[in-house]
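See structure below.
Every number in this text was worked out from the coordinates using simple rules, so none of it is lab data. Remember, predicted model here, so these are calculated numbers, not experimental data. All Cβ positions, glycine included, derive from the backbone under ideal geometry; neighbour counts span all protein chains shown.
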Amino acid sequence: MSSPEKNIAIAINKVTKSFGDRTVLNEFTLNVVKGENVVVLGRSGSGKSVLIKCIIGLHQPDSGHISVLGIDIGTLDHPGMDKLRARVGFLFQSNALYDSMTVRENLFFPMRRHVKDITATQAEQKIMETLEHVGLAHTASMMPSELSGGMQKRIALARTLVLNPEVILYDEPTTGLDPITAREISTLINDTQKRYNTTSVIISHDMKCVEHTADRIAVLLNGQCYKIDTYESLRNSNDAEITRFFE
């Protein structure tokens, strides 16, 4: 029987992060179990995006510790962080696709950097399999500008998945999408979790996305993990700080 520690994919322990006089995270603590989707829910400007940027090492906490896949990221040098990032996908809110590259080239770019000794045939097979998973195999030769917002979001996820990440961080994955497309992206997040056995942290204020994707929800309030529970339990809460999200 495995120990509890081995079942934790992300351990955030008393992380504090300030910008000038403003404390965004104040001893924030959260454990994310392997294979689960945890949504971080908070008001605009509450520090949700800062949190996931701390997880991936784009921001350095002022204090506290973060371990990802058993590795204390505070101990890593640049090569070590690059190696870890190959195991952690980050779906940017803006998608961050390269406009000058085709869809195929966008997916090949991270493979060329992180995957050693892969043949052109193997790379093409992996790219097409991943595009098939997001339902866009027919777009391989297209440019990002030829795709709708929802299609670009799917391609951004596919670019993350070509490296077979163990953890995926989603920053507002349904922002700017119409309700039908947003629902499709939420379904794709769940399909990805099942197919790839990923652990995910999802930043969202879209309550439909939250309801559809969350195994658990961590409420970020005053820089702290105020409450963590299931969607149903939080929706039925009598706590005014919680119920405001469900109104």
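Restricting everything to alpha-carbon atoms, can you work out Rg to Rh for the range 100-158 with a Kirkwood hydrodynamic radius?
Rounded to two decimals, Rg over Rh is 0.96.
Can you pull the one-decimal nm distance between simple spin-label points at LYS14 and LYS83, each 7 Å off the Cα toward Cβ?
Distance between the two pseudo-spin positions: 2.9 nm.
Can you list residues whose amide H is under 5 Å from ALA9's amide H, if they're 5+ apart or on another chain and H is modeled 1.01 Å from N?
So ALA9 has HN proximity to VAL32, VAL33, LYS34.
Which far-off residues, 5 or more places away or on another chain, put their amide H under 5 Å from the one on GLY89, with H placed in the peptide plane?
Those lying under 5 Å, H to H, from GLY89 are GLU166, VAL167, ILE168, LEU169.
So what J values fall out for the range 158-168 if you push phi through Karplus, 6.51 cos²θ - 1.76 cosθ + 1.60 with θ = phi - 60°, rounded to Hz, Gly and Pro as x?
So the Karplus estimates, Gly and Pro as x, are 4, 4, 5, 6, 5, 9, 6, x, 8, 10, 10 Hz.
Which cross-chain or sequence-distant (5 or more) residues have an amide H under 5 Å from the amide H of THR175, H modelled 1.01 Å from N in plane?
none
Which residue fluctuates most in the GNM of the chain (Cα springs below 10 Å): PRO179, PRO165, PRO61?
Checking each option, the largest mean-square fluctuation is seen for PRO179.
If you look for lysine pairs in the chain that are eight or more places apart or on different chains, how many of them have Cα atoms under 13 Å apart?
Step by step, the pairs that qualify in the chain add up to 5.
Starting from the 7 Å offset along Cα-to-Cβ, what nm value, one decimal, do you get for the label separation of ALA96 and ASP191?
It is 2.4 nm.
Counting pairwise Cα distances across the chain, what percent come out greater than 32 angstrom?
Across the chain, Cα pairs with separations above 32 Å total 21 percent.
Calculate, in nm to one decimal, what SER233 and VAL115 gain on full extension: separation in residues at 0.36 nm each, minus their alpha carbon distance.
The span from SER233 to VAL115 would gain 38.2 nm if fully extended.
Through the Karplus equation 6.51 cos²θ - 1.76 cosθ + 1.60, θ set to phi - 60°, convert the phi angles of the range 185-193 into ³J(HN,Hα) values in whole Hz; use x for Gly and Pro.
Listing the rounded values in order: 5, 4, 5, 5, 4, 5, 4, 5, 4 Hz.
So what are the ³J(HN,Hα) numbers for the range 232-240, from phi and the Karplus equation (6.51, -1.76, 1.60; θ = phi - 60°), rounded to whole Hz, Gly and Pro as x?
4, 5, 6, 4, 8, 5, 9, 7, 4
Tell me the mean residue ellipticity at 222 nm calculated for the chain from its helices only (DSSP H runs of n ≥ 4, each -39500 (n - 2.57), averaged over every residue, nearest 500).
Rounded to the nearest 500, it is -10500 deg cm²/dmol.
Dipole magnitude of the chain about its Cα centre, charges +1 at Lys/Arg Cβ and -1 at Asp/Glu Cβ only, in debye to the nearest 20?
Computed about the Cα centre, the dipole is about 300 debye.
Along the charge dipole of the chain, Cβ charges K/R +1 and D/E -1, which of VAL103, MET151, PHE246 sits furthest on the positive end?
So the residue furthest toward the plus end is VAL103.
If you take every residue apart from ASP239 with its C-beta less than 14 Å away from the C-beta of ASP239, what net charge results, scoring Lys and Arg +1 and Asp and Glu -1?
0
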